[in-house]
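I'd like to ask you about the structure that follows.
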Amino acid sequence: MNDIKLALLGSEGAGKSAVLVRFLTKRFIGEYASNANSLYRKRLSIEGRLLHLEVFDPCSQSGESRCILEEPVEWADGFIVVYNISDRTSFLNAQNILCQIKEARGESCKGEMDKMDIPICLVGNKQDLCHARQVFEEEGRALAQEHRCHFQEVSAAEDYLEISNLFTKLIRHVMDHLKYRADRRRYSGSKSMAKLINNVFGKRRKSV
Ligand SMILES: Nc1nc2c(ncn2[C@@H]2O[C@H](COP(=O)(O)OP(=O)(O)OP(=O)(O)O)[C@@H](O)[C@H]2O)c(=O)[nH]1
């Protein structure tokens, strides 16, 4: 069984827990405990493969500080960065978080990236509050393009299908990313083994 680890990041009140609870239970409760870090587990099957999903929903009550990010960025295979479309500050914070993920993973914020990008989905939540919109959908899409990540506007209060689809898309990307990294490790491992064999036996073979 494959283990997939996701982390939800974003400003306080952006709706991280609401998005996650919607995905896990199909429900919108309205109020969510936000004074502790939570780790949710779910078993699911994608493309016939049984997966063990873990999602980290960090407590963000202590503000927008960098230290909240450090643990989940190290731990997670993929990220859901949530902002509230009716709160521009949360969008600016999402922008910072995207940069911090890239920096922590050793990639420049906007520069050329690896062929296989870090699996991230930027989510503009609270789409039902479009009368109070402070962030245009195009801005979210442009930010996602700049960081080469998925993008989706949703309403945890009203949608299930879009939220479920975005999780599925991200999990598929994580599966591809993990496979890509494992293949690269295997390839560089066999390359250094070939080099070692060459170093040990290569010269002797020449002199025979
Ligand atoms: N109208 C509307 N309200 C939402 C939506 N999603 C979440 N909320 C409300 O926004 C508030 C914050 O939601 P949470 O899910 O607790 O947000 P959070 O990002 O987990 O917050 P912290 O745990 O404090 O970081 C709650 O009152 C939710 O009911 C949405 O899609 N639409």
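Within the stretch 34-49, which residues are touching a helix residue (DSSP H, G or I) at 6+ places or on another chain (Cβ under 8 Å) and open to solvent by 40 Å² or more (accessible area, probe 1.4 Å)?
Residues satisfying the conditions are SER34, TYR40, LYS42, GLU47, ARG49.
Does at least one position in the stretch 19-27 carry a residue that is polar (S, T, N, Q) and either assigned to a strand (DSSP E or B) or within 7 Å of the ligand (Cβ to nearest atom) (or both)?
no
Among the residues of the stretch 3-46, what is the count of those that are under 17 Å from THR168 (Cβ atoms) and among the hydroxyl-bearing types (Ser, Thr, Tyr)?
Count: 3.
If I ask for residues that are in a strand (DSSP E or B) and open to solvent by 10 Å² or more (accessible area, probe 1.4 Å), which ones from the stretch 70-98 would you list? If you could, list the steps in order and put the result at the bottom.
To start, the set of residues in the stretch 70-98 that are in a strand (DSSP E or B) comprises 78-84.
Correct list: ASN84 only.
Among the residues of the stretch 28-51, write down those that are assigned to a loop (DSSP other than H, G, I, E, B) and either at pLDDT 85 or above or within 12 Å of the ligand (Cβ to nearest atom) (or both). Walk me through how you get there before you give the answer.
Taking the stretch 28-51 and keeping what is assigned to a loop (DSSP other than H, G, I, E, B), we get 28-37, 47-48.
Within the stretch 28-51, PHE28, ILE29, GLY30, GLU31, TYR32, ALA33, SER34, ASN35, ALA36, ASN37, GLY48 meet the criteria.
State which residue is surrounded by the fewest Cβ atoms within 10 Å (Cβ to Cβ) when the search covers only the stretch 1-18 and only residues that are within 16 Å of VAL55 (Cα to Cα) and near the ligand (Cβ under 8 Å from one of its atoms).
Residue satisfying both the conditions and the ranking: SER17.
Which ones in the stretch 147-170 are touching a residue at least 60 places away in the same chain (Cβ under 8 Å) and within 16 Å of the ligand (Cβ to nearest atom)?
Selection gives GLU153, VAL154, ALA156, ALA157, GLU158, ASP159, TYR160, ILE163, SER164, LEU166, PHE167.
Still on this model: Please pick out the residue among GLU107, GLU54, GLU103 that is open to solvent by 20 Å² or more (accessible area, probe 1.4 Å), at pLDDT below 80 and within 17 Å of the chain's Cα centre (by Cα).
Values: GLU54 fails: at pLDDT below 80; GLU103 fails: at pLDDT below 80.
Within the list GLU107, GLU54, GLU103, the selection yields GLU107.
The values are calculated or read from the model by the stated rules, or taken from the named source; none is laboratory data. All of these numbers come straight from a predicted model, not from anything done at the bench. No Cβ is skipped: glycine too gets one built from the backbone with ideal geometry, and neighbour counts run over all protein chains shown. Only protein heavy atoms, including side chains, enter the accessible area calculation; ligands, DNA and RNA are left aside. Shrake-Rupley method; radii C 1.70, N 1.55, O 1.52, S 1.80 Å.
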